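Trainee: Pasting a structure below so you can have a look.
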Amino acid sequence: MASGLCGAAGSVLLSSAPWGLGRRSRRMMTLWTQGREVFGAAVSAVLPENMMRGSLALRGERLLVDGRSFAPTGNVHLVGFGKAVLGMAAVAERILGDHLVRGVVSVPHGIQEALRQASKGEMLLGPDSRITVLEGARHNLPDREAMEAASAIRELASGLTEQDLLLVLISGGGSALLPAPTPPITLEEKQSLTRQLAARGATIQELNTLRKALSQLKGGGLARCAHPAQVVSLILSDVIADPPELIASGPTVPSPADPGECWAILERYGLRSSLPQSVRDVLSGLGGAGTGQGQAGSGLVHNAVIGSNTLALEAASARARELGFLPVVLSPAVCGEVQAVSRLYGLLVRFASQARSEEGPEGSLREAILGMGPEVGVPDRDLLHTLKVLEECRGGALCLLSGGEPTVQLRGKGKGGRNQELALRVAVELAQGVSSLPAPLGVAFLSGGTDGQDGPTDAAGAIADPLLVSEAREQGLDPAEFLDNNDSYTFFTRLSGGDRLIQTGLTGTNVMDVHLVLIQGEEAGSGAHAAAGRS
Ligand SMILES: Nc1ncnc2c1ncn2[C@@H]1O[C@H](COP(=O)(O)OP(=O)(O)OP(=O)(O)O)[C@@H](O)[C@H]1O
Ligand SMILES: O=C(O)[C@H](O)CO
């Protein structure tokens, strides 16, 4: 069956390839290239230039934001924090011109150099810029540099009057770039708590519920500092369902802390008993649910989400269609454990394969897929739609797209990220499924972080296919061993010279992850059939 999967009619074996890759077909390699292109289109669509131009404009003396009009009777000041805000700030400065008085942005360590090297000069601020750029939060963890940036941002906001407008640029990664722990909590204590929660698989919703409660700037704290100035926030979402109060922990969204919920989260991850006294004191000082965070000035705050994973998936679908695939978007909100998510993709590929056979898909397979919905955050409605398209597509080329942010419970000491771990797990699922597939199917899976950085690695993600496992074994690499040690980056680096890794470098944006399942058409020309015949 393996040869049926990957050496389908019309394919040419790459016998001269290094690493003993004789069984790879040109069609398989084409599928990888197409996957990379579709992923590239997803990222391009959410680069700052496009989104900022669509939501911020100056018309005479009026500032138009997300369709609303503001009169900056005095001056515009700017602050920002997150992986995408450098480019957002560059565009804002170009739009605002002399209306901009000054600004401070807190951005990831090394991002300016990375963008320079990637020739993305349009995302950088010029030498005469009125905006100060501060880098920090190495490895996406709050550190001294980020704390100094947070102080500078607080100072700028605190000095504003009712004559001023504060433009706040917010994107994912903002929580780590704006640390202002409520005393007596220290930076080290906050770092350690964040690290432990993330390692135990806490969701971003859980993590940020705690961050809001333990910070002076999150949960609306920044907006309170800026009172009585008008605050306008432009937010690029990297959280499922785009909740402004959770993205970067909502510094401009007045939202009450919920100590009861915080205690429950700490209990859930077994951290309640080992908490430092400072954290206990701050949580106890918050009182009951809905207290502790004032609502001062909420009438003067406007929060606008200007971009999200959905936009990225739309652009990816369009590119997939141009390449001859029938695109189908499963969901922009896939979450849950990577194990469960990889199982879902394995089952969907199996379903697609069975849909091409005379008998059609088994009822039990359909039930198993629908049963996974709650575990991976995908409603029945979306799963049913996807299954319908897979059935109707039959032999056509198909690109299944989704987005979101699964979680990994770290058990090992290896190096990796959720995208690479997901890709490796999907490869294992595909390899297991190979023998039970009724029809030949060329398939590739790609998982990538739109920010270009998957966990603490220099890769955005990786590509998987049904041959990966056998290829790895031939090279003395056992996927299960690497998975046990959460060592997916080492695995993909060693496998075949690292050619399944996706290495875009920091992209300057961040709307969570994108997952693609590309399925070849049965005939060489079936891509054209899919593009022409279905929508
Ligand atoms: N060795 C590893 N293997 C698999 N996953 C890992 C590993 N190390 C860290 N991770 C996961 O990487 C995630 C952190 O990745 P990253 O720094 O890209 O965060 P992010 O969620 O993209 O950040 P943000 O939301 O702040 O932009 C955590 O979910 C963590 O569990
Ligand atoms: O910074 C954060 O809190 C996460 O990226 C979610 O927005």
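Trainee: Give a residue-ordered list of calculated ³J(HN,Hα) values for the range 232-246 (Karplus: 6.51 cos²θ - 1.76 cosθ + 1.60, θ = phi - 60°; whole Hz; x for Gly, Pro).
Mentor: 10, 10, 10, 10, 9, 7, 10, 10, 4, 6, 6, x, x, 6, 10
Trainee: Taking the 0 to 90 degree range and rounding to the nearest ten, how far is the long axis of helix 187-199 tilted relative to the main principal axis of the chain, both from C-alpha atoms?
Mentor: Roughly 20 degrees, rounded to the nearest 10.
Trainee: While we're looking at this one, here's another question. Would you mind working out the magnitude of the charge dipole of the range 48-307 relative to its Cα centre, with +1 at each Lys and Arg C-beta and -1 at each Asp and Glu C-beta, to the nearest 20 Debye?
Mentor: My answer is approximately 220 debye.
Trainee: Can you give the relative contact order of the range 78-118 as a percent, counting alpha carbon pairs under 8 Å and 6+ residues apart?
Mentor: This gives 55 percent for the range 78-118.
Trainee: Starting from the Kirkwood Rh over alpha-carbon pairs, what translational D in µm² s⁻¹ does the chain have by Stokes-Einstein at 25 °C and 0.890 mPa s?
Mentor: 102 µm²/s
Trainee: Go through GLY260, VAL79, SER158 and say which Cα lies farthest out towards the positive end of the charge dipole of the range 48-307; charges sit on Cβ, +1 for Lys and Arg, -1 for Asp and Glu.
Mentor: Farthest towards the positive pole: GLY260.
Trainee: Using only Cα atoms, tell me the angle between helix 204-213 and the longest principal axis of the chain; keep it within 0 to 90° and round to the nearest 10.
Mentor: Computed tilt is about 10 degrees.
Trainee: Taking Cα centroids, how far is the range 300-339 from the range 479-522 in Å?
Mentor: Rounded to whole Å, the Cα centres lie 19 Å apart.
Trainee: Another question about this same structure. How tilted is helix 144-158 with respect to the longest principal axis of the chain? Cα atoms for both, answer in degrees (0 to 90, nearest 10).
Mentor: Relative to the chain, helix 144-158 is tipped by roughly 50 degrees.
Trainee: Follow-up question, since we're still on this one. Over the chain, what is the relative contact order in whole percent, taking alpha-carbon pairs under 8 Å and six or more residues apart?
Mentor: With pairs under 8 Å counted, the relative contact order is 17 percent.
Trainee: Right, next: For the chain, please report how many Lys pairs fall under 23 Å Cα to Cα, leaving out neighbours fewer than 8 apart on the same chain.
Mentor: 9
Trainee: With +1 assigned to the C-beta of every Lys and Arg and -1 to the C-beta of every Asp and Glu, and no other charges, what is the dipole magnitude of the range 30-139 about the Cα centre in debye, to the nearest 20?
Mentor: Computed charge dipole of the range 30-139: roughly 140 debye.
Trainee: Counting pairs of alpha carbon atoms under 8 Å apart in space and at least six apart in sequence, what relative contact order in percent does the range 48-307 give?
Mentor: Contact order relative to length: 18 percent.
Trainee: Something else now. Taking the range 376-478, which trypsin sites (Lys or Arg not before Pro) meet the DSSP loop condition and have no more than 14 other C-beta atoms within 10 Å?
Mentor: Answer by residue number: ARG411, LYS413.
Trainee: Take the range 72-158, compute every pairwise Cα distance, and split them into 10 Å bins from 0; I just need the percent in each bin.
Mentor: 18, 50, 28, 4, 0
Trainee: Using DSSP, restrict attention to beta bridges with both residues in the chain and report what percent are antiparallel, rounded to the nearest 5.
Mentor: The answer is about 45 percent antiparallel.
Trainee: Determine, from the Cβ-Cβ distance of GLU261 and ARG473 and an R0 of 45 Å, the FRET efficiency 1/(1 + (r/R0)^6), rounded to the nearest 0.05.
Mentor: 0.45
Trainee: Give me the compactness ratio for the range 48-307, meaning the Cα radius of gyration over 2.2 N^0.38 Å.
Mentor: With N residues counted in the range 48-307, Rg over 2.2 N^0.38 Å equals 0.98.
Trainee: Report the convex hull volume per residue for the range 303-380, counting only C-alpha atoms, in Å³.
Mentor: Dividing the Cα hull volume of the range 303-380 by its residue count gives 111 Å³.
Trainee: Shifting gears a bit: With Rg and the Kirkwood Rh both taken from Cα atoms, where does Rg over Rh land for the range 315-458?
Mentor: 0.96
Trainee: Please list the radius of gyration and Dmax for the range 183-332, considering alpha-carbon atoms only, with Å as the unit.
Mentor: 18.4, 59
Trainee: Okay, next question. Starting from the Cα of ARG411, move 7 Å in the Cα-to-Cβ direction to define the label point; list residues of the range 197-218 whose amide nitrogen is under 16 Å from there.
Mentor: Output list for this probe position: 199-202.
Trainee: Please give, to one decimal in nm, the separation of the simple spin-label points placed at ARG59 and SER192, each 7 Å out from Cα toward the Cβ.
Mentor: Distance between the two pseudo-spin positions: 5.5 nm.
Trainee: So, with +1 on the Cβ of K and R and -1 on the Cβ of D and E, and no other charges, what is the size of the charge dipole of the chain about its Cα centre, to the nearest 20 debye?
Mentor: 260 debye
Trainee: Which one of ASN140, VAL101, THR450 is farthest out on the positive end of the charge dipole of the chain, using unit charges on Cβ (Lys, Arg +1; Asp, Glu -1) and the Cα centre as origin?
Mentor: Sorting the options by dipole projection puts first VAL101.
Trainee: Follow-up. Can you list the residues, at least 5 places off or on another chain, whose amide H is less than 5 Å from the amide H of SER233, using H built in the peptide plane?
Mentor: VAL168, HIS302, ASN303, ALA304
Trainee: Could you tell me which of rounded, prolate or oblate describes the range 44-194, using a ≥ b ≥ c as the square roots of the eigenvalues of the alpha-carbon gyration tensor, with rounded for a/c under 1.5 and, failing that, prolate when a/b is larger than b/c and oblate otherwise?
Mentor: Oblate shape, in that a/c is at least 1.5 and b/c is the bigger or equal ratio.
Each value in this text was obtained by applying a stated rule to the coordinates, not by laboratory testing. What you see is a predicted model, and the numbers here were worked out from it, not measured in a lab. Methodologically, a virtual Cβ is constructed for each residue, glycine included, from the backbone with ideal geometry; neighbour enumeration extends over all protein chains shown.
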